[in-house]
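Visitor: A single structure is presented below for examination.
The values are calculated or read from the model by the stated rules, or taken from the named source; none is laboratory data. All values reported here derive from a predicted model rather than from experimental measurement. Here the Cβ positions follow ideal geometry from the backbone for every residue, glycine too, while neighbour counts run over all protein chains shown. The protein model used for the area step is the full one, side chains on, heavy atoms only, and it has no ligands, DNA or RNA in it. Shrake-Rupley method; radii C 1.70, N 1.55, O 1.52, S 1.80 Å.
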Amino acid sequence: MADVTFKGNPFHTNGVLPAVGSVAPDFSSLIDGQLNEVSLSNYAGKKKLLNIVPSLDTPTCATSTRKFNEKASQHSDTVVLVISADLPFAQG
């Protein structure tokens, strides 16, 4: 459990947060829009930003996804991986 502050109040997370700058473990359980398995190693040599949202059908998640993609597009060495519970077809 980690202690963070939310709106000025202490808040306890359900698990340990990774240290800033730590290396994420590879995974292969994500599926892209063409139904291919995706892993972090697919993006070797690039900075990876994991944008994890419940569903892209919600206005807040859709907006944050667009903003992350806009900001990352300014950096050729960065890729945004949007991870949601949506079916791969809905992510388009």
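Visitor: Does anyone have the angle between helix 59-72 and the longest principal axis of the chain? Alpha-carbon axes, 0 to 90°, nearest 10?
Guide: Taking Cα atoms only, the helix is inclined about 70 degrees.
Visitor: Oh, and also: Taking Rh as the Kirkwood radius computed over C-alpha pairs, what is the Stokes-Einstein D of segment 43-92 at 20 °C in a medium of viscosity 1.002 mPa s, expressed in µm² per second? The partial results should precede the final answer.
Guide: Numbers: Rh = 11.3 Å.
The Stokes-Einstein estimate is 189 µm²/s.
Visitor: What full-extension length gain, to one decimal in nm, is calculated for residue 83 and residue 62 as 0.36 nm per residue of separation minus the Cα-Cα distance? Each step should come with its number before you reach the end.
Guide: Working: separation 21, 0.36 × 21 = 7.56 nm, distance 1.18 nm.
Value of the extension gain: 6.4 nm.
Visitor: Of the listed values [x] 61, 21, 20; [y] 42, 31, 28; [z] 36, 30, 22, identify the label whose number matches Cα extents along the principal axes in Å calculated from this model.
Guide: Of the labelled values, this structure produces [y].
Visitor: List the residues, sorted by chain then number, that are 5 or more residues from residue 38 or on another chain and whose placed amide H is less than 5 Å from its amide H.
Guide: For residue 38, whose amide H was placed from the backbone, the distant partners under 5 Å are 30, 31, 32.
Visitor: Moving on to the next point. So if R0 is 22 Å, what FRET efficiency would residue 43 and residue 2 give, r being the distance between their Cβ atoms, rounded to the nearest 0.05?
Guide: E between residue 43 and residue 2, to the nearest 0.05, is 0.25.
Visitor: So if I place +1 on the C-beta of Lys and Arg and -1 on the C-beta of Asp and Glu, and nothing else carries charge, what would the dipole magnitude of segment 26-84 be about its Cα centre? I want it in debye, nearest 20.
Guide: Working: 6 positive and 6 negative charges, 55 e Å.
Charge dipole of segment 26-84: 260 debye, to the nearest 20.
Visitor: Going by accessible area, probe 1.4 Å, with all protein chains left in place, what is the ranking of 89, 27, largest first? If you can, show how the numbers build up before the last one.
Guide: Values: 89 150, 27 50 Å².
So, going from the largest accessible area down, we get 89, 27.
Visitor: Have a look at the DSSP beta bridges in the chain and tell me what percent are antiparallel, nearest 5.
Guide: On the way: 6 of 12 bridges.
Of those bridges, close to 50 percent are antiparallel.
Visitor: Please list 22, 39 from largest to smallest accessible area, probe radius 1.4 Å, with all protein chains kept in place.
Guide: Putting 22, 39 in descending order of accessible area: 22, 39.
Visitor: Related question: At a probe radius of 1.4 Å, what is the per-residue accessible area of residue 53, in Å² to the nearest 10?
Guide: Result for residue 53: roughly 10 Å² accessible.
Visitor: Then there's this: For a quick check of understanding: with a 1.4 angstrom probe and all protein chains in place, what accessible area in square angstrom does residue 73 have, to the nearest ten?
Guide: 90 Å²
Visitor: Quote the relative contact order of the chain in percent (integer), defining contacts as alpha-carbon pairs under 8 Å separated by 6+ residues. Please report the intermediate quantities before stating the final value.
Guide: Details: 104 pairs, mean separation 22.4, N = 92.
After rounding, I find 24 percent.
Visitor: How much mean residue ellipticity at 222 nm does the chain get from its helices, if each DSSP H run of length 4 or more adds -39500 (n - 2.57) and you divide by all residues, to the nearest 500 deg cm²/dmol? Write down the numbers at each step before the final one.
Guide: Working: 1 runs with 14 residues, N = 92.
It lands at -5000 deg cm²/dmol.
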